[in-house]
Amino acid sequence: MTEAGSTPTLDGQGRPLWLLCELTYACPLACPWCSNPLDFDRLGPELSTAEWRRVLAEARALGALQLGFSGGEPCLRKDLEELVAHGDELGYYTNLITSGLGLTGARLARLKEAGLRQVQLSLQACDPELGDRMVGGRAAAHKLAIAREIKAQGFPVVLNVPLSRDNIDQVDGILALAEELGVEFLELANVQYYNWALVNRAELLPTRAQLAKAEASVAAARQRLGRRMTLYYVVPDYHDGRPKACMNGWGSIHLTIGPDGAALPCQEARAVKSLEFPNVREHALAWIWRDSPAFNAFRGDAWMKDPCRSCDERGRDFGGCRCQALLLTGDAANTDPVCARSPHRHLVDEAVALAEDPARLRGRLLPRAPRGG
């Protein structure tokens with residue numbers, strides 16, 4: 001029922017099946033679990049429309065099939081419709097990953113005409129007041145209105161709900177709201193602890209009791225809804241004994257392009273400061289994907305230390321998440337510390353124990369400062 005731990009992986013046969021284009025890091029919201037940088041101006045100018053068009057064509061030639069437009073808030077880019085149309089012309093299945101801010105019924109219609117196939121809309125709570133508080137702005141009412149508009153225009157609706165201690169007790173209400181909206185896919189994904197979320201981990205990490213209650217609610221909803229709605233429930237891997245097969249392996253099927261043109265094996269990879277990630281302004285995407293040192297750094301298993309090197313699951317979980325290993329242990333080549341076999345597992349256990357402590361300080365959640373665009 002959960003989505004953490006060692007799971008069957010998808011073999012892309014050397015192709016980047018999933019291309020994620022982070023069109024901008026600008027966003028009007030201030031979600032305290034967001035991984036995007038606040039000082040994105042230092043990264044350099046955003047890719048132009050022509051540069052993005054070239055990236056889409058080069059990735060398609062490499063075999064990419066799924067195309068996601070995200071951010072920040074991708075709707076802040078005025079060329080979004082043109083990029084969607086180009087992706088559709090190239091044969092991608094196009095997907096918009098959005099907060100809904102910057103979307104209107106008229107713009108949705110233009111995007112659909114351009115070839116957009118699916119919309120993934122983020123929602124934080126069934127209670128609008130809590131939803132607004134969680135993102136640091138008045139957004140909940142607009143999100144609900146846009147969810148209904150997405151459905152009315154015939155898009156498959158994917159509702160993404162990042163779960164934390166603050167909203168996990170609303171899972172029953174969120175499920176009821178999703179059913180009322182007629183959502184086809186609902187992803188209840190516990191926050192993963194990178195970057196800003198790691199800063200706020202003590203405030204965000206739910207208790208085991210909260211997780212158990214949420215899992216029971218999802219199980220009951222699956223039984224009730226059958227095939228009317230596909231439910232994904234992603235536990236925080238801190239509460240699992242095995243690491244997730246992160247991105248199906250470093251540089252395996254996933255390719256992210258940042259707003260500045262940096263090519264990344266995943267959205268969090270900039271955390272690995274020891275690697276120099278190539279830029280599409282300077283290199284062809286084929287070289288980046290196949291030959292660049294950054295994309296080959298953690299492919300295969302030659303880089304692994306024990307216990308990963310001698311573990312019979314290394315071909316399934318790939319040692320877990322390289323970014324999480326770095327952030328928690330200081331070395332990206334270490335076993336992901338969520339693994340019960342990791343010598344650093346105590347770091348995760350201590351964080352989980354803190355979440356269970358009713359005497360710990362509350363109200364210290366550090367919000368990100370919103371940035372416009």
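The values are calculated or read from the model by the stated rules, or taken from the named source; none is laboratory data. Values in this document were obtained by computation on a predicted structure and should not be read as measured data. Cβ atoms come from the backbone with ideal geometry, glycine included; neighbour counts cover every protein chain shown. What goes into the accessible areas is simple: the full protein's heavy atoms, side chains included, and nothing from ligands, DNA or RNA. Shrake-Rupley method; radii C 1.70, N 1.55, O 1.52, S 1.80 Å.
Reported count of residues in the stretch 27-69, each being farther than 15 Å from ASN279 by Cα, open to solvent by less than 10 Å² (accessible area, probe 1.4 Å) and outside any loop (DSSP other than H, G, I, E, B), is 3.
Here is a check on your reading of the model: is GLU215 modelled with pLDDT of 90 or more, within 26 Å of GLY300 (Cα to Cα) and either charged (D, E, K, R) or crowded, with 19+ Cβ neighbours inside 10 Å (or both)? Considered against the rule, which asks whether it is modelled with pLDDT of 90 or more, within 26 Å of GLY300 (Cα to Cα) and either charged (D, E, K, R) or crowded, with 19+ Cβ neighbours inside 10 Å (or both), GLU215 comes out as no. Figure legend. Inter-residue proximity from the stretch 298-315: first residues open to solvent by 40 Å² or more (accessible area, probe 1.4 Å), second residues outside any loop (DSSP other than H, G, I, E, B), beta-carbon distance below 9 Å, spacing 6+ or different chains. Indicated pairs: ASP301/ARG314; ASP301/GLY315. Among the residues of the stretch 131-148, are any farther than 18 Å from LEU29 by Cα, in contact (Cβ under 8 Å) with a residue 24 or more places away in the chain and either in contact with a Lys or Arg (Cβ under 8 Å, 6 or more places away or on another chain) or open to solvent by 40 Å² or more (accessible area, probe 1.4 Å) (or both)? Checked the stretch 131-148: at least one residue is farther than 18 Å from LEU29 by Cα, in contact (Cβ under 8 Å) with a residue 24 or more places away in the chain and either in contact with a Lys or Arg (Cβ under 8 Å, 6 or more places away or on another chain) or open to solvent by 40 Å² or more (accessible area, probe 1.4 Å) (or both).
Pairs meeting the criteria (first residue in the stretch 46-62 and under 14 Å from LEU80 (Cα atoms), second residue open to solvent by 40 Å² or more (accessible area, probe 1.4 Å) and aliphatic (A, V, I, L, M), beta carbons under 7 Å, at least 6 apart or on different chains) are LEU56/LEU90. For ARG281, the requirement of being in a helix (DSSP H, G or I) and open to solvent by 10 Å² or more (accessible area, probe 1.4 Å) is not met. Residues that are farther than 23 Å from ARG77 by Cα and touching a residue at least 60 places away in the same chain (Cβ under 8 Å) within the stretch 255-289 comprise ALA271, VAL272, ALA284, ALA286, TRP289, listed in sequence order. Whenever a residue of the stretch 204-215 is within 22 Å of VAL135 (Cα to Cα), its partners that are among the hydrophobic types (A, V, I, L, M, F, W, C) and modelled with pLDDT of 95 or more, lying with C-beta atoms within less than 6 angstrom and at least six residues away or across chains, give the pairs PRO206/ILE168; GLN210/ILE168; ALA214/ILE168; ALA214/VAL171.
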